[in-house]
1. Quickly work out the residue B:246-to-residue A:345 label distance, labels modelled 7 Å from Cα along the C-beta direction, and quote it in nm with one decimal.
2. Just grab the label-to-label distance for residue B:80 and residue A:282, each label 7 Å out from Cα along the Cβ direction, in nm (one decimal).
3. Calculate one ³J(HN,Hα) per residue across region B:285-298 by plugging θ = phi - 60° into the Karplus curve 6.51 cos²θ - 1.76 cosθ + 1.60, and present them in order as whole Hz with x for glycine and proline.
4. Tell me whether region B:130-171 comes out rounded, prolate or oblate; compute the Cα gyration tensor, take square roots of the eigenvalues as a ≥ b ≥ c, and use a/c under 1.5 as the rounded threshold.
5. Normalising by the residue count of chain B, find the relative contact order in percent from Cα pairs under 8 Å and 6+ residues apart.
6. At residue B:313, label 7 Å along Cα→Cβ: distances to the other copies, nm, ascending?
7. Express the relative contact order of region B:206-309 as a whole percentage, based on alpha carbon pairs under 8 Å and six or more residues apart in sequence.
8. Give me A:350, A:370 sorted ascending by neighbouring Cβ count inside 10 Å, so fewest comes first.
There are 2 protein chains.
Amino acid sequence: MTEPSATPPPVSRRRLLGYAGAGAAVGAAGFAGGIGAARATDGPHGEGVDRYAFHGTHQAGIVTPAQDRLHFAAFDVTATSRAELLLLLKAWTAAAAAMTQGRPVGGGVPLPYDAPPGDTGEAAGLPPGRLTLTFGFGPSLFRDADGKDRFGIADRQPAALRRLPHFPADALQEQRSDGDLCVQACADDPQVAVHAIRNLSRIAFGSAALRWSQLGFGRTSSTSTSQATPRNLFGFKDGTANLKAEEPKAVDEHVWVGQGDDDGAAWLADGSFLVARRINMMIETWDRTSLREQETLVGRDRHVGAPLSGGTEFTEPDLSLKGNDGQPLVAMSSHVRLAHPTQNNGVRMLRRGYNFTDGNDDLGRLDAGLFFIAYVRDPATQYIPMQTRLSRDDGLMEYLRHTGSGLFAVPPGVRKGGFLGDTLLT
Amino acid sequence: MTEPSATPPPVSRRRLLGYAGAGAAVGAAGFAGGIGAARATDGPHGEGVDRYAFHGTHQAGIVTPAQDRLHFAAFDVTATSRAELLLLLKAWTAAAAAMTQGRPVGGGVPLPYDAPPGDTGEAAGLPPGRLTLTFGFGPSLFRDADGKDRFGIADRQPAALRRLPHFPADALQEQRSDGDLCVQACADDPQVAVHAIRNLSRIAFGSAALRWSQLGFGRTSSTSTSQATPRNLFGFKDGTANLKAEEPKAVDEHVWVGQGDDDGAAWLADGSFLVARRINMMIETWDRTSLREQETLVGRDRHVGAPLSGGTEFTEPDLSLKGNDGQPLVAMSSHVRLAHPTQNNGVRMLRRGYNFTDGNDDLGRLDAGLFFIAYVRDPATQYIPMQTRLSRDDGLMEYLRHTGSGLFAVPPGVRKGGFLGDTLLT
């Protein structure tokens, strides 16, 4: 925490109004999911820009309608005292509150000329881009690799917050996995998302170091019924049956941690768990399989996204329907069948993944796939059993390789005057 | 060329009209620079979408207003005969003509069910996204590493098409440099750009292998006066003084190869040279320097982008003006001074670079910077002397590391009925 920008001065209401301009209605609107979605009529960077409120019961960036671009980052905390960790989280809180509203880190102009600027500047002039910043705590924050309780919080580690087990066909790379802290930056403009991670990384200098990061360029799930279903790099619509913000009861049941979920971790109430998986797709192999094979493996038709049992994209698959050959129309090893709630004790997840392409390997194959993100109330009953089953039986697994992994506890939203993790650390 | 999709059937005019829908005006409009910019009123993916004509005197993607996203790829040709190279370039031509107009590779529906789909599908339903595909030929296409003339074109190698010389402070990585062929895919939507490179790579299977590729997320130059000047990852506006499409005389002088430029390479007339440089920025170090230092190194103020000699963003820098201390206001080692045409024999370039971020290194530093692209009429008199000077004298070089490099001859645009490189190969 050696940077002048690490602890920006509190932004006064007057200054805030100054930035937001006349007519702004920051934080005014909201919807059932508890995420305030403010549509400003005027703002620091022009008219008609959109932003989401930073403060709230839950963190933004979960049921918030999925933005188009992602920069995800995991950090190792190098600070050794609880006081330093607190300083970092408070500085991140102030920076996140500013950047999500389209304001520069550190309060903006006037800049001290003989000091480094408070903000790195590459997002100046850009709209806020619906930026959301969602923070999580990894198991190693509570107990490091040696089992050490660096910050005096080991007794508050949620029972479900453990490193994910090894799944069949995992090919995890250490440099793409785990971390003490994570930040999911989502925005409509990648420059806005990258700017946010860069500035958080900069603020963390001396307290936490970037461990790994991942850019995603196309969302692969809708989290709101207002959004069209996007396509993954297999060319198929993905996330048709995803949990949506407009199902608040289901979101409460499957996403938000309840007050009584875990005796030792009441601090996590209104939070969630974030599962991150970097899933490489063997797209060159996939591209040489027939459309019939592709559709059989997925269990849906490619063009419309309808289940092979018939209907349109949003028709429920009929898993019992058989064809003339006596075989189920939705094959036994198809992804749609194996991932269907009826095959998984009614379990659902809120998925929020992104397509990625990171250059190519030495053989000229694109290093591309799906950066899977899911929010669940309890990984032990939701993600883990489903992935155990999928990784064993799903025909698609032949074309997938999991190369990165992380599980993080996502604290509740920050109340005004509070800071990230205050329910855990105070 | 073992793929069914590698040689898509020619698209009949009737079929084309079928796809484009009634009321389409594909290829209708155009502007002074010779790039046809068609604004369709109706199209395959909805109303009001924008696309640029593929055919023309010059290739699109050069003076075309810079789109927001980039996927750049370089290929090694593995085909050993001229006939195979011709097949590849013809298949690429057909695919590029389709994809830039928002149509799928291979003609689209109806898909043969027991064959791999002609198109990989992930851009289905997306608008054309102003996709442009710009192709280039590297020196090694004419003479390979052993000096072998694989395709019978060595005598047509342009004199200026040589591997770029070593510049001071170069730290080039072989796996990010050179290549026999290059493709610059630019679009408003990264999924559209990635889809294009993936499908071209797929078509090339057996004829050419992806050597390296680079995603860029934010354009760093304007190529049209209609565009606002964007910012690079140093937080500064970049490309204020760039060549613009609206200066056709200057574009003719500095970008397009003339008929008589090179006796042996008349085939390159109306083409250009593409310089690609992957420039890592030491952003963690940069972020710890004072604003004063940053502005002195750049020679402009950060907020507005005005030269330090005064004025506004588009004021010409006064390189002779001195401050009270007797020193030039625009420092001798500043980037603006050293790159100014008056300091470089009047030379100008058309820059078309993009910001990139590719995760991080082992020390937690972002692997980020500028993927520099410039189009020049003659690299020997334009890029090379300027970069020699900059790499020696520019104070910014302390914060830069060139990690990738490529020089490519960009053939003229494809006429209707022609194919990429036909002036070279027929």
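Computed from the coordinates by the stated procedures, all read-outs in this text should not be read as laboratory data. All of these numbers come straight from a predicted model, not from anything done at the bench. Please note: Cβ atoms are built from the backbone with ideal geometry, for glycine as well, and neighbour counts cover all protein chains shown.
1. For the pair residue A:345/residue B:246, the computed spacing is 6.5 nm.
2. For residue B:80 paired with residue A:282, the spin-label model returns 2.8 nm.
3. Computed from phi, the couplings for region B:285-298 are 6, 3, 5, 9, 8, 6, 4, 4, 4, 4, 5, 5, 5, 7 Hz.
4. Note, shape of region B:130-171 comes out oblate.
5. Reported as a whole number, the value is 22 percent.
6. In nanometres, ordered from closest: 3.7.
7. Taking the mean separation of contacting Cα pairs over the length of region B:206-309, I get 18 percent.
8. A:370, A:350
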